[in-house]
Amino acid sequence: MNETQTNSFKSFSKMVSVVMRLKPGEDLKHALDKYIKEHQIRSACLLSCCGSLQQATIRYAGKKDTDVLKGKFEIVSLIIYITAEIVMGILTDYQFNRVLDSESGYKELEVKTI
């Protein structure tokens, strides 16, 4: 299918899923940009992201400039107010678990192939 659709529709496409875990101090945007460049990815979407940041750059709706926030920030959810572009990936070959990580002291993501 090589046509562009702009109205509400359902479409199915093959998808390869990638699961990453960044360690404290790693730059989220840099890590994603590097992965995309190294693997020559042309189209991608983020299906899920949770964790924490030490710095966040944000552009508020209706504003041209960005604000850089420093501190401890949790990535916890996506809040939708007006419209939404939703992409859902079903990862049939994986099982996600939370297991205690000796380095962080918290339950962290463990990915098992099933």
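The values are calculated or read from the model by the stated rules, or taken from the named source; none is laboratory data. Predicted model, so just to flag it, every value in this text is computed and none were measured. FYI the Cβ positions are ideal-geometry reconstructions off the backbone, even for glycines, and counts take in every protein chain you see.
Please go through region 56-77 and give me each residue that is of a type outside the set (A, V, I, L, M, F, W, C), surrounded by 10 or more Cβ atoms within 10 Å (Cβ to Cβ) and more than 19 Å from the chain's Cα centre (by Cα), ordered by number.
Within region 56-77, T66, D67 qualify.
Identify all residues within region 1-42 that are more than 25 Å from K112 (Cα to Cα), modelled with pLDDT of 65 or more and small (G, A, S); write none if there are none.
G25
Six or more apart or on different chains, Cβ under 9 Å: which pairs go from a residue in region 97-114 that's over 15 Å from C50 (Cα atoms) to one that's hydroxyl-bearing (S, T, Y) and not in a strand (DSSP E or B)? Could you list them?
If the second residue must be hydroxyl-bearing (S, T, Y) and not in a strand (DSSP E or B), the pairs left are L100/Y106; I114/T92.
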